[in-house]
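Visitor: One structure follows; several queries about it will come next.
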Amino acid sequence: MRRAILRNYNLLVSCPRERERAATSEIRYFIGDLLGDTELKISRTPVSGLLACKTSLDPFEVINRLKEYATENPYQFRFAIRFTPLEECVDSEITKIVEATQKLLPKIGEEESFRVTVRRRHTELENMEVVTAVAHVIPRNVNLDAPDKTVLVEIVGNWTGISVLNEKADILSIMTMRDDMY
């Protein structure tokens with residue numbers, strides 16, 4: 001496992017704090033072995049319990065295929081417990097985050113609503129500063145309660161990952177999946 005955070009990651013994986021090594025083994029098994037990604041790279045982030053991955057596969061397809069596997073084998077996921085796909089990875093600067101968001105704008109239909117969700121760790125950027133800047137460049141209706149799409153901004157120190165997604169469909173949360181089973 002590399003010590004420096006990957007520069008161009010497209011998948012964030014959460015695990016319990018101090019369990020990054022065990023989660024890395026699971027990720028290698030799930031994405032590398034089961035899904036056949038021989039170019040998978042995994043690195044620690046400055047945040048305990050958060051790994052950055054670069055898969056050569058489509059990260060949204062990875063999530064879909066892992067969901068299928070997790071439906072049949074939810075308890076195989078002991079340490080790697082949340083998978084979030086990312087489409088753009090940029091420096092943690094407002095202007096770069098806004099530019100990356102503009103690239104993803106075609107993913108939000110003209111009649112669709114959106115919300116901006118910011119998860120920030122190890123940064124001085126403020127949530128509302130990022131939300132306001134990102135929302136300002138999206139000429140669509142805002143819906144905070146039931147948006148068609150979510151613009152997810154994951155700030156991890158000096159790097160920020162951005163995606164436009166449907167949170168329920170495009171993020172794999174093993175804990176939520178287990179809760180829904182019972």
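Visitor: How much of the DSSP beta bridge set in segment 88-165 is antiparallel, as a percent to the nearest 5?
Guide: Bridges in segment 88-165 that DSSP calls antiparallel: roughly 50 percent.
Visitor: Separate question: Please give the calculated 222 nm ellipticity per residue for the chain, where each DSSP H segment of at least 4 residues contributes -39500 (n - 2.57) and the sum is spread over every residue; nearest 500 deg cm²/dmol?
Guide: Roughly -8500 deg cm²/dmol at 222 nm, from the helical runs in the chain.
Visitor: In the chain, what % of DSSP beta bridges are antiparallel (nearest 5)?
Guide: Around 70 percent antiparallel, to the nearest 5.
Visitor: Return HIS136, HIS122 ranked ascending by Cβ neighbour count within 10 Å, so the fewest neighbours appear first.
Guide: Fewest-to-most ranking of HIS136, HIS122: HIS136, HIS122.
Visitor: Could I ask something else about it? Which FRET efficiency value, to the nearest 0.05, is calculated for ASN127 and GLU18 with the Förster distance at 22 angstrom and r the Cβ-Cβ distance?
Guide: In this case the efficiency is close to 0.25.
Visitor: Shifting gears a bit: Can you tell me the relative contact order of the chain? Whole percent, Cα pairs under 8 Å, sequence separation 6 or more.
Guide: So the answer I get is 25 percent.
Visitor: What are the trypsin sites (Lys or Arg not before Pro) within segment 76-131 that DSSP puts in a loop, where the Cβ has at most 15 other Cβ atoms within 10 Å?
Guide: Those satisfying the criteria are ARG78.
Visitor: Something else about it: If exposed GluC sites (Glu not before Pro) are those in a DSSP loop with at most 15 other Cβ within 10 Å, what is the longest stretch of the chain that has none?
Guide: Counting only loop sites that pass the neighbour cut-off, the longest clear stretch is 127-182.
Visitor: I need the phi-derived Karplus couplings for segment 61-76: 6.51 cos²θ - 1.76 cosθ + 1.60, θ = phi - 60°, integer Hz, Gly and Pro marked x.
Guide: Couplings: 5, 4, 4, 4, 5, 5, 4, 4, 5, 5, 4, 7, 9, x, 8, 6 Hz.
Visitor: Ok, one more. What's the exposure ranking of THR84, THR150, THR71, going from fewest to most Cβ atoms within 10 Å?
Guide: THR71, THR150, THR84
Here, each number is a calculation from the coordinates, and none is a lab measurement. Just so you know, these numbers come straight off a predicted model, no measurement behind them. All Cβ positions, glycine included, derive from the backbone under ideal geometry; neighbour counts span all protein chains shown.
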